Each structure stands twice: as structure tokens, then as C-alpha cells.
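Structure first, commentary second.
The values are calculated or read from the model by the stated rules, or taken from the named source; none is laboratory data. All values reported here derive from a predicted model rather than from experimental measurement. All Cβ positions, glycine included, derive from the backbone under ideal geometry; neighbour counts span all protein chains shown.
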Amino acid sequence: MLSGLDRGNRNNFNYTPPRINPPNLIVPPPDFQQPQQQAAVHRILIGHKGPVTCVAFSPDGRRLLSGGFDKTVRLWDVETGQQLLCLQAPDGHTQPVLAVAFAPDGATCLSASLDRTVRRWLLKDPGG
């Protein structure tokens, strides 16, 4: 038996789905297609014994923190590229470091690791 919509002319109920325009993300904006300028490498910091997972600039922009798979947090001088500190075991992490951040005062930092700890470090001036 046919339902109420199907009685008589089977084509009396035509459904046309609404037309959906593709999102704008599919077609890049015109300026995206212009040649992009390439950034030049300013300095390569060498010291980690494995992949680097995170970096953070100090509030004054003069120092850089990095953390990585070697379970260390390293403090760098941005201008010279010199490593100032390497924070590691026995007080350090026992698993890779996933996040680093400076405190607003720039004198302390935090690091988070796969060992499920967040550590707060005092960054003593290595020169004094």
C-alpha cells in the first residue's frame, strides 16, 4: 500500500536539496598565490641531543628557553647563540620536555614534561 505522499502520481513530491556553496577556504584568496618572501636563518643553536619540542623568548627578548626529547631545558643568549644553562637531572625531568615558559619577571621559568610534572626553575645569572 502506498503512503499519502505516494498515491497517484509518484512524482508529485520532488525534493531538491539546498545548494551549498563550497567554503571560501577551498579557493585561496588572490594574495595567497603571490610569491612569498623567504625568511633567512639568523642563528642555529646547537646543544640538544635530540629533537627540540618547544621554545620561548624571555620577556625582554634577550634570552631563549628550549626543551626537548633529551629531557633538558636549555637557556640561550639570543644575540650570541651561547648556551647559558642546561637544566637536567637529578633535579630535572625524567621524560621529554613538552613545554617551556618564562615567568613575567624573567628570573624564573616553568617546564612541563611527559613525566607528568611541571617544574619551576630559578634562572641564576651565569655570569654572577
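Count, please, the residues in region 71-103 that happen to be within 16 Å of Val118 (Cα to Cα) and of a type outside the set (Lys, Arg).
19
For region 81-113, what are the residues that are in a loop (DSSP other than H, G, I, E, B) and over 17 Å from His48 (Cα atoms)?
Pro90, Asp91, Ala103, Pro104, Asp105, Gly106, Ala107, listed by residue number.
Of the residues that make up region 68-83, is at least one within 16 Å of Lys124 (Cα to Cα), without any contact (Cβ under 8 Å) to a residue 12 or more places away in the chain, out of contact with any helix residue (DSSP H, G or I) (no Cβ under 9 Å at 6 or more places or on another chain) and not aromatic (Phe, Trp, Tyr)?
Within region 68-83, one or more residues are within 16 Å of Lys124 (Cα to Cα), without any contact (Cβ under 8 Å) to a residue 12 or more places away in the chain, out of contact with any helix residue (DSSP H, G or I) (no Cβ under 9 Å at 6 or more places or on another chain) and not aromatic (Phe, Trp, Tyr).
Residue by residue, here is whether (1) at pLDDT 95 or above; (2) farther than 14 Å from Leu110 by Cα; (3) of a type in the set (A, V, I, L, M, F, W, C) holds:
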{"residue": "Arg43", "(1), (2), (3)": "no, yes, no"}
{"residue": "Ile46", "(1), (2), (3)": "no, yes, yes"}
{"residue": "Gly61", "(1), (2), (3)": "no, yes, no"}
{"residue": "Leu65", "(1), (2), (3)": "yes, no, yes"}
{"residue": "Trp76", "(1), (2), (3)": "yes, yes, yes"}
{"residue": "Gly81", "(1), (2), (3)": "no, yes, no"}
{"residue": "Pro90", "(1), (2), (3)": "no, yes, no"}
{"residue": "His93", "(1), (2), (3)": "no, no, no"}
